[in-house]
Amino acid sequence: MSQILKRITIDPEVCFGKPTIRGLRYPVEMLLDLLSSGMTHSQILEDYPDLEEEDIKATLAFAAKLAKVDSLNTILAA
């Protein structure tokens, strides 16, 4: 799982330091919102051609790890 999480980047110069996908301006929270609204992976990938299936999987893995820890530092250290 740590390999897939490398797709999640945090850069203070991109999206105000929010976690994004591969340094692109796609915040993880946006993808989670799309998924929770009922969009399928295929629909998201069609609407956002810069994204890849592995990016969606990384988003879900990141959210799963975040739900299990007390601090963001724990996720980044993995």
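The values are calculated or read from the model by the stated rules, or taken from the named source; none is laboratory data. These numbers were taken from a predicted model, which means no experiment stands behind them. Virtual Cβ from ideal backbone geometry, glycine too; neighbours counted across all protein chains shown. The protein model used for the area step is the full one, side chains on, heavy atoms only, and it has no ligands, DNA or RNA in it. Shrake-Rupley method; radii C 1.70, N 1.55, O 1.52, S 1.80 Å.
Return a yes/no flag: does the stretch 51-61 have any residue that is modelled with pLDDT of 85 or more, part of a loop (DSSP other than H, G, I, E, B) and open to solvent by 50 Å² or more (accessible area, probe 1.4 Å). Let's see the steps before the verdict.
Initial filter on the stretch 51-61 (modelled with pLDDT of 85 or more): 51-61.
Among the residues that remain, those that are also part of a loop (DSSP other than H, G, I, E, B) are: 51-52.
Now drop any that are not open to solvent by 50 Å² or more (accessible area, probe 1.4 Å), which leaves 52.
So far as the stretch 51-61 goes, yes, one or more of its residues are modelled with pLDDT of 85 or more, part of a loop (DSSP other than H, G, I, E, B) and open to solvent by 50 Å² or more (accessible area, probe 1.4 Å).
Looking at the structure I just gave you, is A77 over 16 Å from I10 (Cα atoms), more than 11 Å from the chain's Cα centre (by Cα) and modelled with pLDDT under 95? Break it down stepwise before answering.
Numbers: over 16 Å from I10 (Cα atoms): no; more than 11 Å from the chain's Cα centre (by Cα): yes; modelled with pLDDT under 95: yes.
Considered against the rule, which asks whether it is over 16 Å from I10 (Cα atoms), more than 11 Å from the chain's Cα centre (by Cα) and modelled with pLDDT under 95, A77 comes out as no.
Could you grab me the full set of residues in the stretch 23-50 that are part of a loop (DSSP other than H, G, I, E, B), modelled with pLDDT of 95 or more and of a type in the set (G, A, S)? Matches in the stretch 23-50: S37, G38. Can we say T20 is touching a Pro at 6+ places or on another chain (Cβ under 6 Å), modelled with pLDDT of 95 or more and within 19 Å of K65 (Cα to Cα)? Answer is yes for this residue. Taking the criterion of being assigned to a loop (DSSP other than H, G, I, E, B) and surrounded by fewer than 17 Cβ atoms within 10 Å (Cβ to Cβ), the residues of the stretch 3-22 that qualify are K6, I10, D11, P12, E13, V14, K18, R22.
Pairing each residue of the stretch 45-68 that is farther than 16 Å from R25 by Cα with any residue that is outside any helix (DSSP H, G or I), provided the two are 6+ apart or on different chains, yields C-beta distances under 6 Å for A61/M1; F62/I8. If you go through the stretch 34-49 one residue at a time, do you hit one that is touching a strand residue (DSSP E or B) at 6+ places or on another chain (Cβ under 9 Å) and under 15 Å from A64 (Cα atoms)? The answer is no, given that none of the residues of the stretch 34-49 is touching a strand residue (DSSP E or B) at 6+ places or on another chain (Cβ under 9 Å) and under 15 Å from A64 (Cα atoms).
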